[in-house]
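Engineer: The structure that follows is given in the form of structure tokens.
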Amino acid sequence: MSDGWIDKKKRSLANFLVNSPAGTIFLHSMDTIDFSKIAQNLFELLDDVVDKVGEENVVQIVTDNASNYKEAGKLLIEKRKRLFWTPCVAHCIDLMLEDLEKKDIVHKVTIAKARKVVSYVYSWDTVVNWMKQFTKGKELIRPGLTRFATAYLTMRRLSEQKGALYNFFTSDKWKGSVYEGRKKGKQVYEIVFDNQGFWENLDICLKVVSPLIKVLRMVDSDDKPAMGFLYKAMDLAKEEIKKNVDNN
């Protein structure tokens with residue numbers, strides 16, 4: 001398995017791991033900034049890893065779904081006929097979520113508003129502590145398995161805490177505070193109490209992405225052999241999304 005990522009220093013890195021019934025083993029990590037965008041170079045890198053592990057020990061190669069990795073995977077299975085290349089399911093779903101945010105105006109605007117609410121609340125420890133008194137200690141931020149899943153999981157948490165947020169932003173703690181009087185504070189208040197806009201659109205967004213989040217969690221679970229359930233799970237997700245959208 002190959003896992004590409006960019007660190008805090010903006011370096012393009014790739015981790016190489018081996019997965020088997022015995023578990024997952026880390027092989028090594030490489031700085032790929034000089035050649036990560038060139039399919040031929042990635043192919044040679046993956047091919048070298050297969051040689052080190054032993055082709056007889058390899059059944060499947062899993063990488064992310066970027067075009068350069070897709071081409072590298074194609075070159076690899078052309079050379080090594082007994083191997084299979086598969087794009088990472090989590091990365092594919094994350095790309096779907098990214099497309100929704102970038103290309104659908106409802107998702108784009110709603111996510112931006114949700115981020116504005118969360119960002120303002122979490123700008124000050126005092127406001128966070130006040131907020132938690134109404135959410136019974138629960139956070140508004142929900143870390144996800146992928147970057148774009150985190151945005152939608154946070155939106156779900158906002159939906160779950162809608163009543164608590166109403167109570168918080170009408171409480172004596174908030175009213176008259178310095179945080180309420182600021183420009184962004186007033187904007188956040190307007191977002192939270194925009195019933196026919198923000199909350200309605202938030203529910204629409206969640207109806208579309210929730211089935212995909214379910215699949216993402218299944219893939220990341222150790223309780224099931226994920227590949228055995230994947231195709232059926234994606235079919236069910238598509239049916240659920242269609243039903244949710246048609247009923248909206």
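Engineer: Springs between alpha-carbon pairs under 10 angstrom, Gaussian network model over the chain: which of Gln161, Gln60, Gln196 fluctuates most?
Structural biologist: Gln196
Engineer: Leu27's amide H: which non-local residues (gap 5+, or another chain) put their own amide H closer than 5 Å, with H modeled 1.01 Å from N in plane and none for Pro or chain starts?
Structural biologist: Distant-sequence amide H within range of Leu27: Phe16, Leu17, Val18.
Engineer: While we're looking at this one, here's another question. Count charges around Arg157 for me, please; just the other residues with Cβ under 14 Å from its Cβ, Lys/Arg as +1, Asp/Glu as -1.
Structural biologist: +4
Engineer: Extent of the stretch 1-141 along each principal axis, from alpha carbon coordinates, in Å, largest to smallest?
Structural biologist: Taking max minus min along each principal axis of the Cα atoms, the stretch 1-141 gives 59, 36, 29 Å.
Engineer: Amide H neighbours of Ile33 under 5 Å, at least 5 residues apart or on other chains, H built in the peptide plane: list them.
Structural biologist: Ser12
Engineer: How do the peptides 117-125, 69-77 rank, highest first, by the average count of neighbouring beta carbon atoms within 10 Å per residue? Walk me through the numbers before you get to the answer.
Structural biologist: Values: 117-125: 15.8, 69-77: 18.8.
Those peptides, ordered most packed to least, come out 69-77, 117-125.
Engineer: Still on this structure: Considering only DSSP beta bridges where both residues belong to the chain, give the percentage that are antiparallel (nearest 5).
Structural biologist: 75
Engineer: Can I ask one more? Based on DSSP H assignment, which helices of the chain show an axial Cα extent of at least 27 Å together with a mean Kyte-Doolittle hydropathy greater than or equal to 0.5?
Structural biologist: Sorted by number, the helices that extend far enough and score high enough are 200-220.
Engineer: Given all pairs of different Cα atoms, what value in angstroms does the Kirkwood hydrodynamic radius of the stretch 149-190 take?
Structural biologist: By the Kirkwood definition, the hydrodynamic radius is 11.3 Å.
Engineer: Moving to a separate point now. Amide H to amide H, which residues 5 or more places from Phe84 or on other chains are under 5 Å from it, using H placed in the peptide plane?
Structural biologist: Distant-sequence amide H within range of Phe84: Gln60, Ile61.
Engineer: Provide the percentage of antiparallel DSSP beta bridges, counting only those with both residues in the stretch 2-87; round to the nearest 5.
Structural biologist: Approximately 75 percent, going by the DSSP bridge assignments.
Engineer: At a temperature of 20 °C and a viscosity of 1.002 mPa s, determine how fast the stretch 93-246 diffuses translationally according to Stokes-Einstein, using the Kirkwood radius over alpha-carbon pairs as Rh; express D in µm²/s, rounded to the nearest whole number. Each step should come with its number before you reach the end.
Structural biologist: Values: Rh = 16.7 Å.
Approximately 128 µm²/s, per Stokes-Einstein.
Engineer: Divide by every residue of the chain the summed helix terms, -39500 (n - 2.57) for each DSSP H run of at least 4, and state the resulting mean residue ellipticity at 222 nm, rounded to the nearest 500 deg cm²/dmol.
Structural biologist: Rounded to the nearest 500, it is -19000 deg cm²/dmol.
Only the coordinates and a few stated rules stand behind these numbers; no lab work does. Keep in mind that this is a model prediction, so the values were computed, not measured. Neighbour counts are summed over all protein chains in view; Cβ atoms, including those assigned to glycine, are modelled from backbone coordinates with ideal geometry.
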